[in-house]
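S.K.: Could you have a look at this structure, given as structure tokens, before my questions?
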Amino acid sequence: MTEPFTAKENQKESIFLNESFMAAICFLATATGLVFLFLCISDRDYFGMFEIVVKLTTAVSMFIAFRSYKWDVAKGLMGGVLFCLMYQEAHLALAQLWSEQDFNVYLMAGVQGSVYLAAAGMSCLMTVVITLNHFFINYASHGNPKEVIFNRIALIFKFAVYLLLLAANSQLGFAPSILWKNAVRYLTDISLLLLLVSVESQIDSFKTIRGELLQLRKGRENE
């Protein structure tokens, strides 16, 4: 009789449901973000300074809101983090990389530059898709199972694109300060993406537990 219970207890828990993992990822995002902020101050990159301050403030607030059991606030701030990423990547892809001067510079860098340009465009597109899906999933009346699956595919693809951006960036023959700045930015964004997945997974887990408890309560009331 005890075998099913033992099997259930031995099931491997997802790493995203570990609160220590979530705290470590939030710390990593903050650490890399502060390094990026320092590099922006050194380069007098005012847009980069504004971008990282807003992004980290929103992300840390989301983490604190979730730990305080303010899940609706956490969901709203999750959308805020996604919007920050979307705005940053749209500015990078459209206003910087795809402007006439930088576009030619990256093309002249050869294959690595072309891969970097393509990856930046794909990353921006995936962030738009994920941001829209976030609002469709979290604020729909009866949920959207199809959007959840599509969103997970987009998240996996976006994570792969971030790794591609890091690899292509390391191969570019630009100044070390630019390479380090780009690398730290993408490490911060990867950390934020993992934090978003972790918070969303834990909220979904609590929703499932709450649903099971409500069903159990209804069953007892019917008895």
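We did not get these values from a lab; they are worked out from the coordinates using the rules stated. This one's a predicted model, so the numbers in the text were calculated from it and none came from an experiment. Note that we place each Cβ from the backbone using ideal geometry, even for glycine, and neighbour counts take in every protein chain shown.
S.K.: Taking a ≥ b ≥ c as the square roots of the eigenvalues of the Cα gyration tensor of the range 45-87, is the shape rounded (a/c under 1.5), prolate (a/b larger than b/c) or oblate?
M.R.: oblate
S.K.: Counting other C-beta atoms within 10 Å, which of D72, D189 has the fewest, and how do the rest follow?
M.R.: D72, D189
S.K.: Continuing with the same structure: Across the range 42-56, in residue order, what do the Karplus-derived ³J(HN,Hα) couplings come to in whole Hz, using 6.51 cos²θ - 1.76 cosθ + 1.60 with θ = phi - 60° and x for Gly and Pro?
M.R.: Ordered by residue, 3J(HN,Hα) equals 4, 8, 6, 8, 6, 5, x, 5, 4, 4, 6, 5, 5, 4, 5 Hz.
S.K.: Please report V53, V115 as a ranked list, fewest other C-beta atoms within 10 angstrom at the top and most at the bottom. Intermediate results must be reported in sequence, preceding the final value.
M.R.: Numbers: V53 13, V115 19.
Ranking V53, V115 by Cβ neighbours within 10 Å, fewest first, gives V53, V115.
S.K.: Cut-off 10 angstrom, C-alpha nodes, Gaussian network model of the chain. Which of I130, I153, I25 fluctuates the most?
M.R.: I153
S.K.: For a test of understanding, tell me how many lysine pairs in the range 18-222 have Cα atoms under 17 Å apart, given they are 8 or more places apart or on different chains.
M.R.: Numbers: K55/K75; K55/K181; K70/K207; K75/K207; K207/K218.
Lysine pair count for the range 18-222: 5.
S.K.: How high is the relative contact order of the range 18-222, in percent, counting Cα pairs under 8 Å that sit 6 or more residues apart?
M.R.: Working: 173 pairs, mean separation 55.1, N = 205.
That works out to 27 percent.
S.K.: Determine, at each q value in 0.11, 0.14, 0.16 (inverse angstroms), the log₁₀ of I(q)/I(0) that the Debye formula gives when each Cα of the chain is one equal point scatterer.
M.R.: The computed values of log10 I(q)/I(0) come out as -0.62, -0.92, -1.14.
S.K.: Note the full-extension length gain between I156 and V111 as 0.36 nm times their separation in residues minus their Cα-Cα distance, in nm to one decimal. The partial results should precede the final answer.
M.R.: Details: separation 45, 0.36 × 45 = 16.20 nm, distance 2.41 nm.
Additional length available on full extension: 13.8 nm.
S.K.: Round to the nearest 0.05 the FRET efficiency obtained for V148 and K218 when R0 = 30 Å and r is the Cβ-Cβ distance.
M.R.: In this case the efficiency is close to 0.75.
S.K.: Tell me the mean residue ellipticity at 222 nm calculated for the chain from its helices only (DSSP H runs of n ≥ 4, each -39500 (n - 2.57), averaged over every residue, nearest 500). Working shown, then result.
M.R.: On the way: 8 runs with 185 residues, N = 223.
After summing the helix terms and dividing by the residues of the chain, the value is -29000 deg cm²/dmol.
S.K.: Is the C-alpha gyration tensor of the range 29-125 telling us rounded, prolate or oblate? Criteria: a/c under 1.5 is rounded; beyond that, a/b larger than b/c is prolate, otherwise oblate. Write out the running numbers ahead of the final one.
M.R.: Working: a/c = 2.92, a/b = 1.91, b/c = 1.53.
Verdict is prolate for the range 29-125.
S.K.: Right, something else. Neighbouring Cβ atoms within 10 Å as the yardstick, rank R217, R185, R67 fewest first.
M.R.: On the way: R217 10, R185 25, R67 14.
By the 10 Å Cβ count, ascending, the order reads R217, R67, R185.
S.K.: While we're looking at this one, here's another question. Calculate the FRET efficiency for F206 and S177 from the Cβ-Cβ distance with a Förster distance of 35 Å, rounded to the nearest 0.05.
M.R.: 0.20
S.K.: If you don't mind, another one. Relative to the present Cα-Cα distance, how much length would full extension add between T57 and W98 at 0.36 nm per residue of separation? Could you put the intermediate results ahead of the total?
M.R.: Values: separation 41, 0.36 × 41 = 14.76 nm, distance 2.85 nm.
Full-extension gain reported as 11.9 nm.
S.K.: Right, another one. Quick check: pseudo-label points 7 Å beyond the Cα along Cα→Cβ at N18 and Y87, how many nm apart are they?
M.R.: In this crude spin-label approximation the distance works out to 3.4 nm.
S.K.: Explain nothing, just compute: Karplus ³J(HN,Hα) = 6.51 cos²θ - 1.76 cosθ + 1.60, θ = phi - 60°, for every residue of the range 19-30 in order, whole Hz, x for Gly and Pro.
M.R.: Computed from phi, the couplings for the range 19-30 are 5, 5, 4, 4, 5, 5, 5, 5, 5, 4, 4, 5 Hz.
S.K.: For the range 63-77, take each phi angle, set θ = phi - 60°, evaluate the Karplus expression 6.51 cos²θ - 1.76 cosθ + 1.60, and give the result in whole Hz per residue in order, putting x for glycine and proline.
M.R.: Per residue, the Karplus-derived 3J(HN,Hα) values read 4, 5, 4, 5, 5, 8, 6, 9, 6, 5, 5, 4, 5, x, 5 Hz.
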